[in-house]
Amino acid sequence: MSDAPPIIELKDIHFRFPAAEHNLLEGVNFVIDKEKVGLIGTNGCGKTTLLHVVMGLVQPTSGEVFHRGKPVKTAEDLKMLRREVGFLFQSSDDQLFSPTVVEDVAFGPLNLGLSLEEARKVALKTLSNLGLEGFENRVTYKLSGGEKKLVALATILSMKPKLLLLDEPTNNLDLDTMTRLIDILNSLDLPFVIISHDWDFLAETTDHLYALEEGLVHRCEEDHIHQHRHVHPYGDRPHHHKE
């Protein structure tokens, strides 16, 4: 059994927006390492903010983020974290900025020090692995919403991350694209955290479920994701997924 520290550990994370009267996060302790997990909670409870804290996009009011057992304090620490942790934004337009798909997907490998030719090869292989052959020269802003989502995921996977954080990845996806996304996630030998309100999607892609409530993260009962009872704020009727 390995004693290696987890990829990410949050210790006593508090967060409050400047104009807010109360903390959004109230002492979160959360380890992200080897599991494929879903993170649920009501709108505005702080799920996205929590992932932004991990990625250094916002600073916690107090508490610490640890990467491989080391506190993330400097720009270099954050750079090392972002090399290993890929973050899929809610809106793909926040993630894609190059004129063509291949340029977007090759951007990360180029930043990791690969040559232009090497980065292009990695980009093309990543697109192929996601079933996006022939997309390389397409104009990014002309893609459909679902295509943008898959290309945004390709930009992350091209950097060979050790962990994925996905913020509402099924928003505005049609059924075909959602099915492709499920197949892709299930094929990955990577841990990830998915924020989603889509219980069926979580049941198809994750092994464990966590909830963010009243500023704290807690693990749900083991069978919650496959046989969950919608109580407070999720409703009041039992609901079984098909096997």
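The values are calculated or read from the model by the stated rules, or taken from the named source; none is laboratory data. Every value quoted in this text rests on a predicted model; they were computed, and no experiment measured them. Positions of Cβ are backbone-derived with ideal geometry, glycine not excepted, and every protein chain shown enters the neighbour counts.
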>> Under 9 Å between Cβ atoms, which residue pairs at least 6 apart in sequence (or on different chains) link something in the stretch 16-41 that is closer than 26 Å to HIS208 by Cα with a partner that is crowded, with 18+ Cβ neighbours inside 10 Å and of a type in the set (Asp, Glu)?
In response: ASN29/GLU9; PHE30/GLU9; VAL31/GLU9; ILE32/GLU9; ASP33/GLU9
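Would you check if there is a residue in the stretch 155-170 being surrounded by 17 or more Cβ atoms within 10 Å (Cβ to Cβ), touching a Pro at 6+ places or on another chain (Cβ under 9 Å) and in a helix (DSSP H, G or I)? Spell out the reasoning first.
Here is the first cut: in the stretch 155-170, the residues surrounded by 17 or more Cβ atoms within 10 Å (Cβ to Cβ) are 155-159, 161, 163-170.
From what is left, the residues that are touching a Pro at 6+ places or on another chain (Cβ under 9 Å) are 158-159, 163-164.
Those still in the list that are in a helix (DSSP H, G or I) too: none.
Scanning the stretch 155-170 turns up no residue that is surrounded by 17 or more Cβ atoms within 10 Å (Cβ to Cβ), touching a Pro at 6+ places or on another chain (Cβ under 9 Å) and in a helix (DSSP H, G or I).
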> Does ASP176 qualify as being in a helix (DSSP H, G or I), within 28 Å of GLY146 (Cβ to Cβ), at pLDDT 85 or above and acidic (Asp, Glu)?
Replying inline: yes
> Between residues in the stretch 130-151 that are closer than 16 Å to SER98 by Cα and residues that are surrounded by 15 or more Cβ atoms within 10 Å (Cβ to Cβ) and charged (D, E, K, R), which pairs lie under 7 Å by C-beta distance while being six or more apart or on different chains?
Replying inline: THR140/ASP104; LEU150/ARG180; VAL151/ASP104
>> For the stretch 11-28, check the following and say yes or no: at least one residue is within 16 Å of GLU168 (Cβ to Cβ), surrounded by 16 or more Cβ atoms within 10 Å (Cβ to Cβ) and of a type in the set (Val, Ile, Thr).
In response: no
> Got a number for residues in the stretch 108-137 being in a helix (DSSP H, G or I) and surrounded by fewer than 18 Cβ atoms within 10 Å (Cβ to Cβ)?
Replying inline: 9
>> Any residue in the stretch 64-78 that is without any contact (Cβ under 8 Å) to a residue 60 or more places away in the chain and loosely packed, with under 12 Cβ neighbours inside 10 Å sitting within a Cβ distance under 8 Å of a residue that is part of a loop (DSSP other than H, G, I, E, B) and of a type in the set (A, V, I, L, M)? List the pairs, counting only those 6 or more apart or interchain.
In response: none
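Residue under question is VAL58, and the condition is that it be more than 15 Å from the chain's Cα centre (by Cα) and crowded, with 21+ Cβ neighbours inside 10 Å; does it hold?
Details: more than 15 Å from the chain's Cα centre (by Cα): yes; crowded, with 21+ Cβ neighbours inside 10 Å: no.
In short, no.
Of ASP104, ASP93, which residue is among the charged types (D, E, K, R), surrounded by fewer than 16 Cβ atoms within 10 Å (Cβ to Cβ) and either in contact with a Cys (Cβ under 8 Å, 6 or more places away or on another chain) or touching a residue at least 12 places away in the same chain (Cβ under 8 Å) (or both)? Explain how you work it out, then say what you get.
Values: ASP104 fails: surrounded by fewer than 16 Cβ atoms within 10 Å (Cβ to Cβ).
Sole residue among the options that is among the charged types (D, E, K, R), surrounded by fewer than 16 Cβ atoms within 10 Å (Cβ to Cβ) and either in contact with a Cys (Cβ under 8 Å, 6 or more places away or on another chain) or touching a residue at least 12 places away in the same chain (Cβ under 8 Å) (or both): ASP93.
Can you report the number of residues in the stretch 1-28 which are more than 28 Å from GLU204 (Cβ to Cβ) and in contact with a Leu (Cβ under 8 Å, 6 or more places away or on another chain)?
If we filter the stretch 1-28 for residues that are more than 28 Å from GLU204 (Cβ to Cβ), which is where we start, we get 1-5, 11-27.
Then keep just the ones that are in contact with a Leu (Cβ under 8 Å, 6 or more places away or on another chain); that gives 13-17, 25-27.
Result for the stretch 1-28: 8.
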> Do you know which residues across the stretch 117-168 are β-branched (Val, Ile, Thr) and over 20 Å from the mean Cα position of the chain (by Cα)?
Replying inline: VAL122, VAL139, THR140
> Which residues, taken from the stretch 33-69, are among the polar types (S, T, N, Q) and more than 24 Å from ASP207 (Cα to Cα)?
Replying inline: GLN59, THR61, SER62
>> Looking at the stretch 138-154 only, could you name the residues that are surrounded by 20 or more Cβ atoms within 10 Å (Cβ to Cβ) and not charged (D, E, K, R)?
In response: THR140, LEU150, VAL151, ALA152, LEU153, ALA154
> Only one of (1) farther than 21 Å from PHE97 by Cβ; (2) in contact (Cβ under 8 Å) with a residue 12 or more places away in the chain; (3) among the aliphatic types (A, V, I, L, M); (4) surrounded by fewer than 20 Cβ atoms within 10 Å (Cβ to Cβ) fails for LEU175. Which number is that?
Replying inline: (2)
